[in-house]
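Here is the structure we will look at, set down as structure tokens.
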Amino acid sequence: MNQKSPIEAKILSSNASFTEGEFAVAGMKATELAKEFGTPAFIIDEADFDLRANAFRQALENSFGERAGACYYAAKAFISIEIAKWVERAGLSLDVCTGGELEVALAAKFPPERIEFHGNNKSEAEIARAIEVGVGKIVADSEIELERINQIASAKGITQKVLIRVTPGVEAHTHQYIATAHEDVKFGFSIASGAALRAVKIGLLASNLEVGGVHFHIGSQIMGVEGFDLAIERTSAFLKSVKEEAGQELTEMVIGGGFAIAYVAGDESSDAKEVLAHLFGAVKRSAEKAEISMPRVSIEPGRAIVGLTTATLYRVGTVKKVELDNGSRNYVAVDGGMSDNIRTSLYDAEYSVALANRTSSAPLVASRVVGKHCESGDIIVRDCDLPGDLTPGDLLVTPATGAYGRSMASNYNHLPRPPVIAVRDGRARVILRRETHADLLSLEVSQEGQS
Ligand SMILES: *Cc1c(COP(=O)(O)O)cnc(C)c1O
């Protein structure tokens with residue numbers, strides 16, 4: 001009997017475990033959860049969310065002291081009214097990037113002054129709503145948008161605080177970072193081309209804008225700190241040129257999110273304390289070198305807070321052995337797929353997976369976990385070893401699905417999106433219910449007498 005946890009603790013939420021082969025979160029067993037809430041389902045460990053949110057906020061405050069800005073939770077990783085309330089109670093601020101995310105925050109009574117509004121193409125209606133409700137900051141992404149924000153703010157007789165999103169020419173993904181002078185991306189104003197300086201000047205001259213500082217975000221699932229270091233150095237040098245050429249010292253620097261988490265055995269999650277202590281040093285050195293005052297620094301972690309809090313439970317429907325040139329592979333099909341986890345097909349993302357409802361002494365066999373969509377690319381875990389005796393009705397768990405899982409979920413093939421179940425101290429509750437066929441049909445408009 002294999003009593004060792006089939007998935008390392010670093011890939012699980014802090015209250016998740018395998019006890020006698022059965023996956024459990026905060027005292028609720030996989031079989032109980034599946035029976036009560038059905039599958040597939042996202043199971044979120046509420047206390048773990050609090051822990052990670054507080055860890056990032058405290059690490060920012062402890063490392064930066066009086067130069068600590070806000071720890072913004074990046075809503076796009078996963079937001080719902082309940083999550084917005086958790087973010088609020090942990091003392092974090094909130095980064096939203098559409099009118100829809102903003103409405104969720106407002107429905108949760110999230111304090112608007114702690115909201116930062118992102119996005120590269122905010123509509124007039126979105127900007128008007130944001131200004132009306134009093135969001136703390138709008139991050140401007142183009143000259144057209146600076147003008148749009150200024151016009152709407154002046155029509156309302158309000159001065160709106162804005163940040164200028166800059167591109168420092170650094171792009172970071174997982175183990176690599178790419179440094180160029182110019183970035184061929186849709187976001188932000190290039191520092192190297194002079195566009196960023198022009199944007200700051202436009203903002204400073206605008207009648208109803210207050211330019212608070214600059215923002216950058218260099219990528220996602222960033223391991224290591226080299227990319228951050230270079231972006232901070234270039235942005236500090238940029239702040240120096242703003243001081244010299246626009247005659248104004250900007251005091252805020254938002255250094256984005258992108259802190260990595262562990263999805264599979266070889267990965268390591270960013271340690272909030274370590275990363276922020278490092279970033280403090282990097283900002284301090286760069287500010288001294290550029291001869292500018294130490295800016296107030298904010299961060300925007302999404303994945304690093306919510307990613308590991310959540311695991312997806314699936315039920316096995318079929319198991320098919322496919323013969324290959326060099327052996328065979330078990331295709332294990334579950335009751336979800338690319339509609340609840342697009343990351344594997346979209347980015348070749350890797351996940352861990354384990355049998356969740358029992359122990360098995362069957363030898364492990366080469367397996368692939370697939371969904372039920374009409375696509376060959378509908379793969380949840382490309383290569384894994386699972387017990388050879390998997391059978392219809394078994395439960396599988398894929399941990400670390402909290403970020404960009406439910407938030408990127410779709411209705412492809414008219415599959416209703418799974419619920420999100422919060423578990424704490426042995427009690428489970430639905431925080432986002434399962435979609436139904438009736439929900440999907442409710443969008444249909446079909447006129448009588450037409451065909
Ligand atoms: C996506 C995004 C984040 C969060 O990224 P994570 O990888 O989830 O930490 C933060 N800030 C901005 C501007 C983003 O676009």
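The values are calculated or read from the model by the stated rules, or taken from the named source; none is laboratory data. All figures in this text were calculated on a predicted structure; none of them were measured in a lab. Cβ sites come from the backbone with ideal geometry, for glycine too, and all protein chains shown count toward neighbours. Areas reflect the complete protein model, heavy atoms only, side chains present, ligands, DNA and RNA absent. Shrake-Rupley method; radii C 1.70, N 1.55, O 1.52, S 1.80 Å.
The single condition from (1) assigned to a strand (DSSP E or B); (2) under 22 Å from the mean Cα position of the chain (by Cα) that I305 fails is (1). Looking at this structure, is D267 more than 13 Å from the ligand (Cβ to nearest atom), of a type outside the set (V, I, T) and exposed (fewer than 15 other Cβ atoms within 10 Å of the Cβ)? The answer is no for D267. Between a first residue in the range 110-137 that is more than 17 Å from I255 (Cα to Cα) and not assigned by TED's automatic domain parsing to the domain that holds V214 and a second residue that is in a helix (DSSP H, G or I) and at pLDDT 95 or above, which pairs have beta carbons less than 6 Å apart while being 6 or more apart in sequence or on different chains? Within 6 Å, the pairs are F110/A84; F110/E88; P112/V133.
Which residues, taken from the range 254-267, are within 20 Å of the chain's Cα centre (by Cα) and aliphatic (A, V, I, L, M)? Give the derivation first.
Initial filter on the range 254-267 (within 20 Å of the chain's Cα centre (by Cα)): 254-264, 267.
Selection gives V254, I255, A260, I261, A262, V264.
Scanning the range 45-91 for residues that are away from the ligand (no atom under 16 Å from the Cβ) and in a strand (DSSP E or B) gives D45, A68.
Can you work out which of the residues in the range 271-302 that are over 23 Å from the mean Cα position of the chain (by Cα), of a type in the set (G, A, S) and assigned to a helix (DSSP H, G or I) is surrounded by the fewest Cβ atoms within 10 Å (Cβ to Cβ)? This residue is G281. What number of residues in the range 396-415 are surrounded by fewer than 23 Cβ atoms within 10 Å (Cβ to Cβ) and more than 13 Å from N341 (Cα to Cα)? Result for the range 396-415: 2.
Name every residue in the range 140-172 that is touching a helix residue (DSSP H, G or I) at 6+ places or on another chain (Cβ under 9 Å) and assigned to a helix (DSSP H, G or I), in order of residue number. If the condition is that a residue be touching a helix residue (DSSP H, G or I) at 6+ places or on another chain (Cβ under 9 Å) and assigned to a helix (DSSP H, G or I), then E143, E145, L146, E147, R148, I149, N150, Q151, I152, A153, A155 are the ones that fit.
Name the residue that is farthest from the chain's Cα centre (by Cα), counting only residues in the range 416-451 that are modelled with pLDDT of 95 or more and open to solvent by 100 Å² or more (accessible area, probe 1.4 Å). Reasoning before the result, please.
So the first thing to find is which residues in the range 416-451 are modelled with pLDDT of 95 or more, and the list is 416-445.
With open to solvent by 100 Å² or more (accessible area, probe 1.4 Å) added as a condition, the list becomes 425, 427, 433, 437, 441, 443-445.
Numbers: D425: 25, R427: 26, R433: 20, H437: 28, L441: 30, L443: 28, E444: 31, V445: 34 Å.
Applying the filter and picking the extreme gives V445.
Candidates I149, I158, I191: the one that is under 24 Å from F110 (Cα atoms) and crowded, with 23+ Cβ neighbours inside 10 Å is I149.
Filter the range 92-124 for residues that are assigned to a loop (DSSP other than H, G, I, E, B) and among the polar types (S, T, N, Q); which is farthest from the ligand (Cβ to nearest atom)? Steps first, answer last, please.
Taking the range 92-124 as the starting set, the residues that turn out to be assigned to a loop (DSSP other than H, G, I, E, B) are 92, 97-98, 108-111, 118-123.
Imposing the further condition that a residue be among the polar types (S, T, N, Q) reduces the set to 98, 120-121, 123.
Values: T98: 12, N120: 10, N121: 13, S123: 18 Å.
That would be S123.
Can you work out which of the residues in the range 209-230 that are near the ligand (Cβ under 10 Å from one of its atoms) and not in a strand (DSSP E or B) is nearest to A349 (Cα to Cα)? Out of the qualifying residues, it is I218.
In this entry, G247 passes the filter for residues that are at positive phi and either modelled with pLDDT under 95 or away from the ligand (no atom under 15 Å from the Cβ) (or both).
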